[in-house]
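The values are calculated or read from the model by the stated rules, or taken from the named source; none is laboratory data. What you are looking at is a predicted structure, and each value in this text was computed from that prediction instead of being measured. No Cβ is skipped: glycine too gets one built from the backbone with ideal geometry, and neighbour counts run over all protein chains shown.
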Amino acid sequence: MTNDLIPPEEMNFVGDGDFIAVGAHFLDHFVKLGGLQPHHRVLDVGSGIGRMALPLTKYLTEGSYEGFDIVDVGVRWCQHHITPNFPKFRFQIANVFNSSYNPKGRHPAAAYRFPFPSASFDFVFLTSVFTHMMPAEVENYLAEIARVLKIGGRCLATFFLNNTQTAALIAAGKSQLSFATQWANGCWINDPLAPEGAVCFQEDYVLEQYRRCGLETESVYHGAWTGRENTLSAHDIIVASKQHEIPITTNARRASARLTRWLKHQWRRTNLRGRLMNLRHFSRGGESHSAATRARDYAAKHPELLKGQRST
């Protein structure tokens, strides 16, 4: 892997750990847990700055890759550095709102339609995406995943899942995150000042949403974030497959209900922020910058980084 395909550390907004090692680790999961094959057509929901795409460039020898993300500089990095070297790897910006990663986004995630035809992918994956989304948004994305997957296609996604054992580990202080604030029924957040910074869901609720979308859960692998030992990953992982289509009329009714819930969530977010404004000032010294904001600031100061060149 040539160094010009690896972004500067200052632009990496997708998490801790060795950039290459984490990508290779998840490629192993995609193949062994998700059944990914070299000829598959793949969708990366939340493509970040190419951490998952890079190892796939060596694996998808006959297949293709589409990725989209709400952080513009990550997409632009991939467009300028990865696509010129691997034309079957394409990236696009999704101008979707998220208070942590894209606070100026125009479109609600609860109503966003993936920019791809139905039944067009063999494999869809999301790493550290549902961990930053609210219930109506997750429900819409699951419906869209089901729409764009082929019958028999698979999805691998990471979550923070709550169940009886997880709740006991959190109560015992063994978890890395406390999720002490209940945001909605079956949904908890770790930091009221940054609701989408880390979001946890009741496991039964998530599995029911998969079922409602025509996605059959094949396996759930609980992660190390709870303090569990001998885990496969830091986050929890769900692997599911598409078994049948959901009628269009049913999808339309559910989409309307999701959008209504999202609007209520937006009102609650605004109300909560107003009440916490002073607390934010004293606890953090003013508005805090997310990793995505820091990446944008760094890219603005170094525009040459988004002028990619073909690797040799």
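Exactly one residue among Asn162, Asn190, Asn230 is of a type in the set (S, T, N, Q) and touching a Ser or Thr at 6+ places or on another chain (Cβ under 8 Å), and that residue is Asn190.
In the range 287-312, which residue that is of a type in the set (Lys, Arg) and not in a loop (DSSP other than H, G, I, E, B) is modelled with the lowest pLDDT? Ranking the candidates gives Arg294 first. Is it the case that the range 57-69 has a residue that's touching a Cys at 6+ places or on another chain (Cβ under 8 Å), buried (at least 17 other Cβ atoms within 10 Å of the Cβ) and farther than 17 Å from Ala198 by Cα? The answer is yes; a qualifying residue exists.
Selection of the range 143-189 for residues being among the hydrophobic types (A, V, I, L, M, F, W, C) and assigned to a helix (DSSP H, G or I) yields Ala143, Ile145, Ala146, Val148, Ala167, Ala168, Leu169, Ile170, Ala171. Looking at the range 1-116, the helices (runs of 4 or more DSSP H) lying wholly inside it that each contain 2 or more residues that are closer than 26 Å to Ala300 by Cβ and touching a helix residue (DSSP H, G or I) at 6+ places or on another chain (Cβ under 6 Å) sit at 72-81.
Considering the range 25-56, and only residues there that are at positive phi and crowded, with 19+ Cβ neighbours inside 10 Å, the residue that is farthest from the chain's Cα centre (by Cα) turns out to be Gly50. Checking every residue in the range 113-136 against the condition of being under 19 Å from Leu43 (Cβ atoms) and among the basic types (Lys, Arg) gives at least one match.
Checking Gly152, Gly186 one by one, the residue that is small (Gly, Ala, Ser), closer than 30 Å to Leu43 by Cα and within 21 Å of the chain's Cα centre (by Cα) is Gly186 and no other. Of the candidates Thr127, Thr166, Thr158, the single residue that is in contact (Cβ under 8 Å) with a residue 24 or more places away in the chain, surrounded by 20 or more Cβ atoms within 10 Å (Cβ to Cβ) and over 19 Å from the mean Cα position of the chain (by Cα) is Thr166.
Can you tell me which residues in the range 63-82 are touching a strand residue (DSSP E or B) at 6+ places or on another chain (Cβ under 6 Å) and closer than 14 Å to Met52 by Cα? If the condition is that a residue be touching a strand residue (DSSP E or B) at 6+ places or on another chain (Cβ under 6 Å) and closer than 14 Å to Met52 by Cα, then Ser64, Tyr65, Glu66, Gly67, Phe68, Val75, Cys78, Ile82 are the ones that fit.
In the range 197-214, the residues that are over 14 Å from Ala146 (Cα atoms) reach residues that are part of a strand (DSSP E or B) and acidic (Asp, Glu) with C-beta atoms within less than 9 angstrom, at least six apart or across chains, in these pairs: Glu203/Asp236. When the range 170-185 is filtered for residues that are more than 23 Å from Tyr101 (Cα to Cα) and buried (at least 17 other Cβ atoms within 10 Å of the Cβ), the ones remaining, listed by number, are Ile170, Ser175. Return yes when Val22 is surrounded by 17 or more Cβ atoms within 10 Å (Cβ to Cβ) and of a type in the set (A, V, I, L, M, F, W, C) and no when it is not. Spelling it out, Val22 is indeed surrounded by 17 or more Cβ atoms within 10 Å (Cβ to Cβ) and of a type in the set (A, V, I, L, M, F, W, C).
Restricting to the range 205-220, give me the number of residues that are over 13 Å from Pro135 (Cβ atoms), assigned to a helix (DSSP H, G or I) and either over 18 Å from the mean Cα position of the chain (by Cα) or polar (S, T, N, Q) (or both). Residues flagged as over 13 Å from Pro135 (Cβ atoms), assigned to a helix (DSSP H, G or I) and either over 18 Å from the mean Cα position of the chain (by Cα) or polar (S, T, N, Q) (or both) within the range 205-220 amount to 1.
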